[in-house]
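Written out below as structure tokens is the structure these notes cover.
Derivation of every value follows stated rules applied to the coordinates shown; laboratory data play no part. Small disclaimer: the values here were computed from a predicted structure and weren't measured. Here the Cβ positions follow ideal geometry from the backbone for every residue, glycine too, while neighbour counts run over all protein chains shown.
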Amino acid sequence: MQSLCARRGLIVAALIGASAIAPGGAAAATPTLASWDSAQQRQVVRGGLMSAPGGSFQGATPLSTAQANAAMAALAGRLGKNVGVAAGGAVTVVRFDAMVIDQMGLAGVAAHVQSVARAAGLQPPAYFGSEVVARYLGLRYDHPAGTDQLELFPADQITRAEAAWSLAQIADFGGWNVENAQQTLSTFALPAMSADQRRALRIAVSRIGYPYVYAGESDTAEPAGWMWGPQAHGGFDCSGFVWRVFKLSGLPWGREIGGRTAAQMAGEIPRSQRLRVSQLQPGDLLFFGSAQFNSTATEQNVIHAGIYLGDNWVIHSSRQGVYVLPLTGSWLGDSFVWGRRVIH
């Protein structure tokens, strides 16, 4: 199969449950469901953010409420803050992310993002703002192609291994990470939209936090007979996300899209219909790579796709799953080639 988006990491063996930290603190020899991030697990144990009683981290097990609260208290102490912790209820991915965002003093930014999306009529899920912030900070891990069954949906209980990965990223932050998120996401704004634009973008926004899955285009795992082959876990690659929003949803504008890859979508319109940044409107398709504006689109020079939210903001599926970035002022802007209008 031709590349549907930029290639991801090497395919590794399917992961199964096992202890991540062997007695004495040695890492397990073979990566497993529990030990895929054994280095980060050891890091957070050494840093006092999590514990491994008896030397067994038990990364495959769900993070309990007590463990989450203890981690948040430790994180607050590390950050020099005194932020209260939550109690009760299962610790899902989105709840954990919200707790972490709160500890870093970014809850107000998350609330701003949430409010803007709601005011624009996009009907965002309740966790949209906090997931935009968490994924902007790079707190989620993208499991390599071949191990997509390890990915988590936003509402799944977070495992200890996934929590350890996130906390390790925060432990490695420099002083600019939180400040950059605060400054950039505080500018989040959206323009007035037509009913048609809102109809498409509501679907896109509702998938915030869904995982990146190579060749994925479905919300759920699919068998071998599914369009582009079996899909081990629900989620999307970059053009698969566009395909899900416009084609699989049955939106009438999806009939204009024929190709499945980013390059095919970018190349099936005449050059005269290509859009520059100044011409973009909410709901436009965006393409990225090394191509020039007047180039012929190929699988080598157009390798990524996204959907324009408006006012310089893009929603797309990449290493942080479905998340939001500014166009100008991020790696997206550096590789933007042209846009395409499907909502007329």
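Over all other residues within a Cβ to Cβ distance under 13 Å of LEU251, the charged ones net out to +4, with Lys and Arg as +1 and Asp and Glu as -1.
Across the stretch 290-297, rounded Karplus estimates of 3J(HN,Hα) from the backbone phi angles (6.51 cos²θ - 1.76 cosθ + 1.60, θ = phi - 60°) give 9, 5, 8, 4, 9, 6, 7, 6 Hz, Gly and Pro being marked x.
Sequence-ordered 3J(HN,Hα) estimates for the stretch 244-261 from the Karplus curve with 6.51, -1.76 and 1.60 and θ = phi - 60° stand at 5, 5, 9, 9, 5, 6, x, 4, x, 6, x, 5, 6, 9, x, x, 9, 8 Hz, glycine and proline given as x.
Per-residue 3J(HN,Hα) values for the stretch 88-105, derived from phi via the Karplus relation 6.51 cos²θ - 1.76 cosθ + 1.60 with θ = phi - 60°, read x, x, 5, 8, 7, 4, 6, 5, 4, 4, 5, 5, 5, 4, 4, 4, 8, x Hz in sequence order (x marks Gly and Pro). Applying Stokes-Einstein at 10 °C and 1.306 mPa s to the Kirkwood radius of the stretch 190-344, computed over alpha-carbon pairs, gives a translational diffusion coefficient of 104 µm² s⁻¹.
A protection proxy built from the mean count of other Cβ atoms within 10 Å ranks the segments 306-316, 207-217, 255-265, 170-180, most packed first, as 207-217, 306-316, 255-265, 170-180.
Can you tell me how the stretch 248-315 classifies by the Cα gyration tensor, rounded, prolate or oblate, using a/c under 1.5 as the rounded cut? Verdict is oblate for the stretch 248-315.
Summarising the amide proton neighbourhood of VAL337: residues at separation of 5 or more, or on other chains, whose placed amide H is nearer than 5 Å comprise PHE287, PHE288, GLY289. Helix-only arithmetic for the chain: the sum of -39500 (n - 2.57) across DSSP H runs with n ≥ 4, divided by the residue total, places the mean residue ellipticity at 222 nm at -9000 deg cm²/dmol.
R0 = 25 Å: FRET efficiency of GLN300 with THR220, Cβ-based, nearest 0.05? That gives a FRET efficiency of 0.20.
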